[in-house]
Amino acid sequence: MTHLLITAATLLDGSRADLRVRDGVIVESGSGLAADGARVIDSDGLQALPGLVDLHTHLREPGSEQSETVLTGTRAAAAGGFTVVHAMANTQPVQDTAGVVEQVASLGAQHGYATVRPVGAVTVGLAGERLSEIGAMAGSRAAVRVFSDDGKCVSDALLLRRALEYVKTFDGVVAQHAQEPRLTEGAQMNEGALSSELGLAGWPAVAEESIIARDVLLAQHVGARLHICHVSTAGSVDIVRWAKARGIDVTAEVTPHHLLLTEQLAATYDPRYKVNPPLRREEDVLALRAALADGTIDVVATDHAPHPVEAKECAWPEAAVGMVGLESALAVVQESMVETGLLDWAGVARVLSTTPARIGRVAGYDAPLAVGSPANITLVDAAARGDFDLARLHGKSVNSPFLGRSLPGRVMAVVHDGRPTVLEGALLPTEEVATA
Amino acid sequence: MRHLLSTRDLDRTTAVRILDIAEDMADVAQRAVPKLPTLRGKTVANLFFEDSTRTRLSFEAAAKRLSAEVITFSAKGSSVSKGESLKDTAQTIAAMGMDAVVLRHSASGAAATLAGSGWIDAAVVNAGDGTHEHPTQGLLDAYSIRKRLHGAASRGRDLDGVRVTIVGDIVHSRVARSNVWLLTTLGAEVSLVAPATLLPGAIDSWPVTASHDLDAAIAAKPDALMMLRVQAERMTSGFFPNEREYAREWGLSAERFARLDADTMVLHPGPMNRGLEISSAAADSARSVVLDQVTNGVSIRMAVLYLVLSGNDGTDA
């Protein structure tokens, strides 16, 4: 197995140390460690983070391989500093059986760039009618623990209640895409003054908030865990804060784009800025940042949603919803949370690694960068800054809202389960990373 | 003027200038041969992805009176119904050497997307994009109001202090939007009347007053009353219960029309639903400018095509 020596990296407490990685595990931490035949990763001046864990990724395989595949999506993940991605269930066929989730997980394992944890569909075919084979997926080799109909809301209250109860049986969690469907028919952007001016059908905040309010009460009633995907409004933050204060077992995520971008971008009618839930107002962005800083929102998740060029080269209402985000997530979190003084790097590790791993029941991330932990390490040049350009994108799709924007930080090296996937700021070749 | 995409970003000087050029164009129509050689050698493509007879004919007539070549493309029965995208259709038309594209599209922002995309070099004139804007309609309405108020002395004037009330489905109306921005830019006081379901939720951010009571609006003696067309699909999706109730509350019935101030002009962008939002008594009266609007529409579109195609303007709008 690989023997690595990471030298002079800055740890989460600000101290500097060398880390020795052997057989997939961090075996030694200290200063002036001898190379001893190890491959040395000079990390002088780099910030060490635990490998990042994304709770919300669309890898598109099987079914939409023109947008992304497990290989290209996990390469994008590695380039962005991630070592685990949770692959959402809206593939074709849908990830609603053990066979499909095992296939997706094994493709990830074979390629080696990141651990792929498939998310199981809550309902068969995401149709919102009957529960999928949750037990079979949980018990499969993919060991699914997160269940979501993401893209669609489980809007039927009784069905959601049953899902919350049933998923509890397997120590899983339901990740709800909170969107009241009737209130958002044809919705194109945040509902408000700007949508009324632009003539784009509104997606009102109440369509998200009313579902979250109902769902936290249901979770309390049945004593189950609940995770809220991509919280986007100040009102949602208030409800989650209230629920946590009542002791309800709810966690919430925010996307990088909702931490940095506002609905004003829709005025360009450039479909790169079309996403679901939509970009919101400045006051929502500020409330989301504050909530992430104080722990009301637990994690940042990318909602990486690749689409082919033609799906965005059209009029706004005809365009697909979604943005790619794996490659830009850490930079955007640094820009919106670290540069603003709201989070330190230990906080970044919490919201992008430790907590998402805990929610997804991913083992080995509870003691970041500690001796004895599996070696999942991301090394960032936090002092770098530059325009985010096409060269930074490594998936199949280029629908990033951040292209042309100056962002801080650069992922220089990534170690996944003891093996490097990124060195000197560049992805290692596919053959070198593949485990098969 | 490179493109005309909206009235939102027209300033008062530019707007008055367009109206004044339209006055000149209207004079041409009075001649024995109502035709100018101005745009000889230019080609205008009417790209209509959505059904429209009046706007399309109006743009065709305008282009022809300026001696431009016109080709018209309607989505029905075309390659669009076979799934061709806006980009491909526009590039196909552009490859045939078009100088201007007049675009009608069901998607809000389609004209802005086409103008900003780099797909084509031609000038883009928005002939209605979804529920966003219909700028030439706003311009022809402003022109019609100014003409009715000031007649031959219209040139150079704005609409300072003119009180305009717009009634009906504001939230889905591109005509209402183009009028609100343009009329207020020209100095008019605009008020909107509609049930709350048909007013934008964020109406406070618009430079208008809004209410639900048409009778009160009539009693306030506006200078102009603009009735908007009611789309049948608004009823089926529950914005109001049925035609009878709409007509009773927000229709310009003969009885309401009788109470209207003698000097108040009545506008309607057409096509009219007689008996629903407007009665025949109102539509056919001397105070109605509905047919003037149609005539003026040609003059306005001549002015706009002239400005985007003559290339001697230098200002962006």
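Some observations on this one:
- Residue in segment A:31-47 that is over 30 Å from residue A:16 (Cβ atoms), among the aliphatic types (A, V, I, L, M) and outside any loop (DSSP other than H, G, I, E, B) present: no
- Within segment B:131-175, being within 19 Å of residue B:270 (Cβ to Cβ) and within 14 Å of chain A (Cβ to nearest Cβ) holds for B:131, B:133, B:134, B:135, B:137, B:138, B:169, B:170, B:172, B:173, B:174, B:175.
- Residue A:19 vs. criteria touching a residue at least 40 places away in the same chain (Cβ under 8 Å) and open to solvent by 10 Å² or more (accessible area, probe 1.4 Å): no
- Filter result for residue A:273 (at positive phi, within 12 Å of chain B (Cβ to nearest Cβ) and not polar (S, T, N, Q)): no
- Residue within segment B:286-305 that is in a helix (DSSP H, G or I), at pLDDT 95 or above and over 28 Å from residue B:46 (Cβ atoms) present: no
- Within segment A:180-194, the residues that satisfy the criterion of being more than 16 Å from residue A:218 (Cα to Cα) and more than 13 Å from chain B (Cβ to nearest Cβ) are A:181, A:184.
- Screening B:175, B:193 for residues that are out of contact with any Ser or Thr (no Cβ under 8 Å at 6 or more places or on another chain) and within 29 Å of residue B:230 (Cβ to Cβ) leaves exactly one candidate, B:175.
- Number of the condition not met by residue A:279 [criteria: (1) part of a helix (DSSP H, G or I); (2) open to solvent by less than 30 Å² (accessible area, probe 1.4 Å); (3) aliphatic (A, V, I, L, M)]: (1)
- Taking segment A:180-274 as the region of interest, the helices (runs of 4 or more DSSP H) fully inside it that hold 3 or more residues being in the same structural domain as residue A:299 (by TED's automatic domain parsing) and more than 29 Å from residue A:406 (Cα to Cα) are A:205-222, A:234-245.
- Only a single criterion out of (1) within 14 Å of chain A (Cβ to nearest Cβ); (2) crowded, with 17+ Cβ neighbours inside 10 Å; (3) polar (S, T, N, Q); (4) farther than 25 Å from residue B:270 by Cβ is not satisfied by residue B:108, namely (4).
- Among the residues making up segment A:55-103, those that are touching a His at 6+ places or on another chain (Cβ under 9 Å) and open to solvent by 40 Å² or more (accessible area, probe 1.4 Å) are A:71, A:75, A:90.
- Of the residues making up segment B:88-105, those that are in a helix (DSSP H, G or I) and either within 14 Å of chain A (Cβ to nearest Cβ) or aliphatic (A, V, I, L, M) (or both) are B:88, B:89, B:90, B:91, B:93, B:94, B:95.
- Residue selected from segment B:120-130 under the condition touching a Ser or Thr at 6+ places or on another chain (Cβ under 9 Å) and within 13 Å of chain A (Cβ to nearest Cβ), by the criterion surrounded by the most Cβ atoms within 10 Å (Cβ to Cβ): B:129
The values are calculated or read from the model by the stated rules, or taken from the named source; none is laboratory data. Since we're looking at a predicted model, the values are computed, not measured. Here Cβ is always computed from backbone atoms with ideal geometry, including for glycine, and neighbour counts include all displayed protein chains. Calculation scope for accessible area: heavy atoms of the full protein, side chains included, ligands and nucleic acids excluded. Shrake-Rupley method; radii C 1.70, N 1.55, O 1.52, S 1.80 Å.
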